[in-house]
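For reference, the structure is listed below as structure tokens.
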Amino acid sequence: MRRGWRLIFFPSTCNPAPTKRSFTSLNPFGQVPALEDRDLKLFESRAITQYIAHDHPTKGTNLLFQDLKKMATMSVWMEVEAHQFDPAASKLAWELVYKKMFGLETDPAAVRENETTLAKVLDIYEARLAHSKYLAGDSFSLADLHHLPVLHNLMSTPSKKLFEERPHVSAWCSDILARPAWATTLAIQNQN
């Protein structure tokens with residue numbers, strides 16, 4: 001990995017109990033992701049990405065801002081992603097992507113409800129992205145990065161239309177999903 005990290009994949013199963021017992025030393029919930037860096041153990045993806053961005057600001061793309069006001073703006077959009085975008089987007093990904101993997105039926109009412117909620121969030125994104133290339137300003141940051149996993153999943157579903165109907169959101173999605181580091185991430189994921 002470019003930042004000098006060693007990536008370890010844990011098998012994903014419907015019965016994660018054996019993995020949980022051995023993994024709880026890194027994550028008390030027995031879930032991935034987790035990071036161990038010398039004497040520091042972190043879990044939760046947003047905390048991990050923030051730590052890496054702060055610890056290695058000159059390796060790869062700098063995902064932070066030195067300017068206090070820009071950093072505050074980025075923090076706002078990170079909160080928006082976590083509390084407005086992700087709840088609806090993740091529920092849609094569960095219904096449209098993950099349920100199929102587990103042989104479960106999609107709940108059309110849940111899809112409609114979460115598409116309605118996500119559409120309202122994306123209207124706000126459209127207004128924001130009309131004035132800046134990325135959510136926190138004119139450079140890619142953690143605020144954008146945190147969208148990538150669920151956004152990637154939704155772009156292979158009928159909910160893709162929610163993003164494509166909004167020209168600034170659509171351009172933003174195309175931009176961040178085409179980043180070389182994201183392509184590398186997907187390639188590594190597909191190998192395992």
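If you filter the stretch 103-113 down to residues that are in a helix (DSSP H, G or I) and not small (Gly, Ala, Ser), you find that the one that is least open to solvent (accessible area, probe 1.4 Å) is 111. Here residue 97 meets the list (1) at pLDDT 90 or above; (2) farther than 28 Å from residue 160 by Cβ; (3) surrounded by 14 or more Cβ atoms within 10 Å (Cβ to Cβ) almost entirely, failing just condition (2). When residue 57 is tested against (1) more than 18 Å from the chain's Cα centre (by Cα); (2) more than 18 Å from residue 181 (Cα to Cα), exactly one condition is not met: (2).
Among residues of the stretch 64-75 that are without any contact (Cβ under 8 Å) to a residue 60 or more places away in the chain, those with a beta-carbon under 6 Å from a residue that is surrounded by 11 or more Cβ atoms within 10 Å (Cβ to Cβ) at least six positions away or on a different chain give the pairs 71/65.
The values are calculated or read from the model by the stated rules, or taken from the named source; none is laboratory data. Computed from a predicted structure; not experimentally measured. Using ideal geometry, Cβ is built from the backbone for each residue, glycine included, and neighbour counts are taken over all protein chains shown. Ligands, DNA and RNA are stripped out before the accessible areas are found, and what is left, the full protein with its side chains, is counted by its heavy atoms. Shrake-Rupley method; radii C 1.70, N 1.55, O 1.52, S 1.80 Å.
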